[in-house]
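See structure below.
The values are calculated or read from the model by the stated rules, or taken from the named source; none is laboratory data. This one's a predicted model, so the numbers in the text were calculated from it and none came from an experiment. A quick note on method: Cβ atoms are made from the backbone with ideal geometry, for glycine too, and the neighbour counts reach across all protein chains shown.
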Amino acid sequence: MSRFCILGLLLLLGACGSSASRDRVGDYVGGPVPLECAPFARALSGVQLYGPAGDWWWKAQGRYARSYTPEVGSVLIFAKTGRLHDGHASVVSRVISQRQILVTQANWVHHRVTQDQPVIDISASGDWSEVRVWWPPSSQMGMTEYRTMGFIRADRPASHETLAARTPGAIGLALNGR
């Protein structure tokens, strides 16, 4: 069975509490690294916004295209909440379907970079305003529902292969405060 088929099955079964190894559904990249999501998303995507990730949606207005549909290389912005005090930013690494994507992100798991992590749109209208995210420590889809603002489009096109190749360099840039 291909990795794509396995991923599709895991995404469908995620709500039922199925588990899978993190080798099949996203991988940790490198060891623990003390970096935050915003500098990493900026370095990986090329979206040159600064400050807390939850503020990027408003800062992007007039500078970057914003959308409610995912595109590889775009940055998904999570709203500030009691659980996500500064919001969160993750970079879309694959679009699986209208309501399923994979993301590469920093600090979803504390001080780790995770690659190709599933995210599912659970919003009633299919507008990506509410999502669930894979939780690597438990090897299953997380149960928490997160509010999101939408996707900020990068100026340069990206592919899954390009993002994967850029990830180590993006870690270095983010660690150096860029």
Quiz item: Does segment 102-121 contain at least one residue that is closer than 20 Å to Glu161 by Cα, small (Gly, Ala, Ser), out of contact with any Lys or Arg (no Cβ under 9 Å at 6 or more places or on another chain) and crowded, with 24+ Cβ neighbours inside 10 Å?
Solution: no
Practice problem: Select from segment 116-146 the residues that are part of a strand (DSSP E or B) and within 15 Å of Leu76 (Cβ to Cβ) and list them in ascending order. | Solution: Asp116, Gln117, Pro118, Val119, Ile120, Asp121, Glu130, Val131, Arg132, Val133, Trp134, Tyr146
Practice problem: List the number of the failed condition for Ala38; all other conditions in (1) closer than 23 Å to Glu161 by Cα; (2) assigned to a loop (DSSP other than H, G, I, E, B); (3) small (Gly, Ala, Ser); (4) at pLDDT 95 or above hold. | Solution: (2)
Quiz item: Within segment 72-106, can you find the residues that are closer than 16 Å to Trp56 by Cβ and either over 10 Å from the mean Cα position of the chain (by Cα) or assigned to a loop (DSSP other than H, G, I, E, B) (or both)?
Solution: Gly73, Ser74, Ala79, Lys80, Thr81, Leu84, His85, Asp86, Gly87
Exercise. Kindly list, by first and then second residue, each pair from a residue in segment 86-107 that is of a type in the set (Lys, Arg) to a residue that is assigned to a loop (DSSP other than H, G, I, E, B), limited to pairs with Cβ atoms under 7 Å and residues at least 6 apart or on different chains.
Key: Arg94/Val72; Arg99/Gly126
Quiz item: Take the residues of segment 140-161 that are free of Cβ contacts under 8 Å to residues at least 40 places away in the same chain and surrounded by fewer than 19 Cβ atoms within 10 Å (Cβ to Cβ): which is farthest from Ser90 (Cα to Cα)?
Solution: Met143
Quiz item: What number of residues within segment 42-65 satisfy the criterion of being within 12 Å of Asp86 (Cβ to Cβ) and either of a type in the set (Gly, Ala, Ser) or assigned to a helix (DSSP H, G or I) (or both)?
Solution: 5
Quiz item: What are the residue pairs meeting all of these: first residue in segment 53-66, first residue without any contact (Cβ under 8 Å) to a residue 60 or more places away in the chain, second residue part of a helix (DSSP H, G or I), Cβ atoms under 9 Å, and 6 or more apart or on different chains?
Solution: Ala53/Cys37; Ala53/Ala38; Ala53/Ala41
